[in-house]
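Have a look at the structure below before the remarks.
The values are calculated or read from the model by the stated rules, or taken from the named source; none is laboratory data. This one's a predicted model, so the numbers in the text were calculated from it and none came from an experiment. Cβ placement follows ideal geometry from the backbone for every residue including glycine, while neighbour counts extend to all protein chains displayed. Surface areas here come from the heavy atoms of the whole protein model, side chains and all, with no ligands, DNA or RNA. Shrake-Rupley method; radii C 1.70, N 1.55, O 1.52, S 1.80 Å.
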Amino acid sequence: GLCPSAPTGGAISRARFAVEGRWAVHRWLPELRENLPDVIHAHLSFPAVWIASRAAQALGVPWVVHALGGPADRVLSSARGMRDLGKLIGAASGASASSERGLRALEPWIRPGAARAVIPPGVDPVE
């Protein structure tokens with residue numbers, strides 16, 4: 001797949017992710033340049049945020065992060081995970097979450113002036 005696995009701890013894992021992540025961005029950029037997005041959206045996971053931040057920087061487009069549900073809660077509750085992600089999230093143009101609680105949990109890493117929104121999951125039922 002395009003998205004490499006998150007580094008799980010040791011130096012070898014982090015080095016492998018760095019190589020695979022750079023490869024993924026390199027492979028993705030030609031397609032993105034051909035169909036330049038207005039914004040890049042990433043769910044809150046290390047691989048998604050890492051790749052989105054680098055692709056957005058290379059393309060000069062904004063990117064946003066979204067925290068949704070259990071996987072995001074696990075990332076947000078990990079001091080180590082957020083230490084690594086916090087720097088990347090600080091470069092995002094905006095952040096959203098599926099609840100006020102989720103958005104408050106992201107708040108320490110969102111830069112001043114970045115857009116913020118609560119976007120509940122699901123759709124309205126058709127009547």
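Taking the Cα-to-Cβ direction at LEU36 and at ALA18 and moving 7 Å from each Cα, how far apart do the two end points lie in nm?
Result for the modelled spin labels: 3.1 nm.
How much net charge surrounds LEU29 when only the other residues with a Cβ under 13 Å from the Cβ of LEU29 are counted, with Lys and Arg +1 and Asp and Glu -1?
+2
Leaving out ligands, DNA and RNA, and with a 1.4 Å probe, what % of the accessible surface on segment 62-117 is carbon or sulfur?
After summing per-atom areas, the C and S share lands at 59 percent.
Going by the alpha-carbon gyration tensor, a ≥ b ≥ c the square roots of its eigenvalues, is the chain rounded (a/c under 1.5) or, if a/c is not under 1.5, prolate (a/b greater than b/c) versus oblate?
Oblate, because a/c is 1.5 or more while a/b does not exceed b/c.
Pull out a ≥ b ≥ c, the square roots of the eigenvalues of the alpha-carbon gyration tensor of segment 68-127, then state rounded if a/c is under 1.5, prolate if not and a/b is larger than b/c, and oblate in the remaining case.
Numbers: a/c = 2.93, a/b = 1.58, b/c = 1.85.
Cα axes put segment 68-127 in the oblate bin.
Given a 1.4 Å probe, how much area per residue of the chain is accessible, in Å²?
Value returned for the chain: 61 Å² of accessible area per residue.
Roughly what would the spin-label model give for LEU59 and HIS43, points 7 Å off Cα along C-beta, in nm?
1.9 nm
Can you order the peptides 17-27, 89-99, 108-118 by their average number of other Cβ atoms within 10 Å per residue, highest first?
Numbers: 17-27: 15.1, 89-99: 19.4, 108-118: 12.9.
Highest-to-lowest ranking by the protection proxy: 89-99, 17-27, 108-118.
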